[in-house]
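Shown next, in structure tokens, is the structure this report addresses.
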Amino acid sequence: MFIPLKIMMDNAKQNGYSISRFAVTNLESIEAVTQSAEITDSPIVYDIYEPELKNVCQSCLEFLIKKLGSETRAPVALFSDHVQDVEICKEIINKGYSGLMVDASKY
């Protein structure tokens, strides 16, 4: 079940545990992360690493994550990492990602 990242992190802080974030790049990695969350009943964050998106279909990854993540009883969230382009940041926010990390290191 998808929950806001803020709620997930607040709960982890309050109860003294950490949350794992996993970079996913294909169906197999998404399935493995989802099954691990299910087996351990642990919250997880799917991480789409933005620089790698030129090699994969972003909408395909998003569809698979949303499909499998919505079917699990474990708390899950979707995050995008190292986003450098402002327009991509806007797209990610509009698509309902739980969070993103803006990489402005080139500036």
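Between beta-carbons, use under 15 Å as the cut-off and find the net charge around CYS57, counting Lys and Arg +1, Asp and Glu -1.
My count for the surroundings of CYS57 gives -1.
Enter the accessible area per residue of the chain (Å², integer; probe 1.4 Å; all protein chains in place).
60 Å²
Pick from SER42, SER18, SER80: which residue has the top mean-square fluctuation in a GNM of the chain where Cα pairs under 10 Å get a spring?
SER18
Counting only protein heavy atoms, what percent of the accessible surface of the stretch 21-107 is carbon or sulfur at a 1.4 Å probe?
55 percent
Of all DSSP beta bridges located in the chain, what percent are antiparallel, nearest 5?
In the chain, approximately 0 percent of DSSP beta bridges are antiparallel ones.
Classify the stretch 61-107 as rounded, prolate or oblate, taking a ≥ b ≥ c as the square roots of the eigenvalues of its Cα gyration tensor: rounded when a/c is under 1.5, otherwise prolate if a/b is larger than b/c and oblate if not.
Prolate is the answer for the stretch 61-107, as a/c is 1.5 or above and a/b outweighs b/c.
What residue among PRO43, PRO51, PRO75 has the largest mean-square fluctuation in a Gaussian network model of the chain, using Cα springs under 10 Å?
It is PRO51.
Out of these labelled values of Cα extents along the principal axes in Å, (1) 42, 31, 21; (2) 39, 34, 21; (3) 38, 30, 20, which was calculated from the coordinates shown here?
Matching entry in (1) 42, 31, 21; (2) 39, 34, 21; (3) 38, 30, 20: (3).
According to a simple spin-label model (label point 7 Å from Cα along Cα-to-Cβ), what is the distance in nm between GLU71 and SER20?
It is 2.1 nm.
For the stretch 1-93, which trypsin sites (Lys or Arg not before Pro) are in a loop by DSSP, counting at most 11 other Cβ atoms within 10 Å?
Those that pass, being in a loop and sparsely packed, are ARG73.
Based on alpha-carbon centroids, what's the gap between the stretch 47-107 and the stretch 5-40 in Å, whole number please?
The distance from the Cα centre of the stretch 47-107 to that of the stretch 5-40 comes to 14 Å.
The values are calculated or read from the model by the stated rules, or taken from the named source; none is laboratory data. Only a predicted model underlies this, so the values are computations on that prediction, with no experimental measurement involved. With ideal geometry, Cβ positions are generated from the backbone for all residues, glycine too; neighbour counts draw on all protein chains shown. Quick note on the areas: whole protein, heavy atoms, side chains included, nothing else; ligands and nucleic acids left out. Shrake-Rupley method; radii C 1.70, N 1.55, O 1.52, S 1.80 Å.
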